[in-house]
């Protein structure tokens, strides 16, 4: 016979498993979007179709589309999105660019260290902030994790 404590522990494990599944899907889509950015920007640069900055901008926008489609459908499993979600996703992406800029600026100008440290901080901060914003603001779900 199972007591209250045991069923509570099982419930927590299932919930933990749902979080792991959600974070795993988030990482897969993030990796796909990053790969999209890297391939497209470098092909455009290598073939001399666009300048480095323009190639990066075009690739970033295409990677954002990949990310939006993957995060909304695969990670957060949005069935019937509303018109606020794309706008919120763009706002979240702009926040990510802002965090990136601030981190590198702060590394160079405030802390007087190599900008590498700012990019390293960005590599951890942007995915963490993006995940939380997506989970609770961009693609909020009324109940549960929907793992």
Taking residue 17 as meeting all but one of (1) surrounded by 13 or more Cβ atoms within 10 Å (Cβ to Cβ); (2) on the phi < 0 side of the Ramachandran plot; (3) in contact (Cβ under 8 Å) with a residue 40 or more places away in the chain, write down the number of the exception.
-> (1)
Which one of 107, 63 is within 20 Å of residue 130 (Cα to Cα) and out of contact with any strand residue (DSSP E or B) (no Cβ under 8 Å at 6 or more places or on another chain)?
-> 63
Restricting attention to segment 74-87, the residues that are surrounded by fewer than 17 Cβ atoms within 10 Å (Cβ to Cβ) and either under 13 Å from residue 140 (Cβ atoms) or modelled with pLDDT under 95 (or both) number exactly 7
Quick one: which residue in 60, 68 is modelled with pLDDT under 95 and in a helix (DSSP H, G or I)?
-> 60
Return a yes/no flag: does segment 89-110 have any residue that is in contact with a helix residue (DSSP H, G or I) (Cβ under 8 Å, 6 or more places away or on another chain), in a helix (DSSP H, G or I) and loosely packed, with under 14 Cβ neighbours inside 10 Å.
-> yes
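The values are calculated or read from the model by the stated rules, or taken from the named source; none is laboratory data. None of these values were measured; they are calculated from a predicted model. Reconstructed Cβ throughout: ideal geometry from the backbone, glycine too, with neighbour counts over all protein chains shown.
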